Amino acid sequence: GMAVNGEDAVHAMTTDLAATVANPNHVPFDTVLMDFEMPLLNGPEATKRIREMGCKATILGVTGNVLSEDIDYFMAHGADEVLPKPISMKLLKTYWDESMSQMH
């Protein structure tokens, strides 16, 4: 699923969480890529709301300016990790591989 802004992201997760409760066969989102700069609701705020709803998915913050305070701000709002833009699929795959190996 693709959300165009923070409110969309929160709405998508609300729908996903409701589907997870209603349908035992529903496969919930397992990774969310959350842009920092978004209209209506920025990434950290959207992340905070999603976490408050009980979302357990991996949330990866994405930011163009990788300033340590931006990264700390994102992490404080519930992001698991913050990645620089443009997103590298290789980096993303490495992250997934590492988190999978930690689970098993």
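For the reader, a short list of remarks on this structure follows.
- Qualifying residue in region 27-49 (condition: at pLDDT 95 or above and surrounded by fewer than 14 Cβ atoms within 10 Å (Cβ to Cβ)): no
- Residues of region 1-26 that turn out to be open to solvent by less than 40 Å² (accessible area, probe 1.4 Å) and of a type in the set (A, V, I, L, M), as a count: 6
- Pairs, first of a type in the set (Asp, Glu) in region 40-67, second surrounded by 15 or more Cβ atoms within 10 Å (Cβ to Cβ), C-beta under 8 Å, six or more apart: GLU45/GLY6; GLU45/HIS77
The values are calculated or read from the model by the stated rules, or taken from the named source; none is laboratory data. Computed from a predicted model, the values in this text were never measured in an experiment. Positions of Cβ are backbone-derived with ideal geometry, glycine not excepted, and every protein chain shown enters the neighbour counts. Remember, those area values only see protein heavy atoms, side chains included, never the ligands or the DNA or RNA. Shrake-Rupley method; radii C 1.70, N 1.55, O 1.52, S 1.80 Å.
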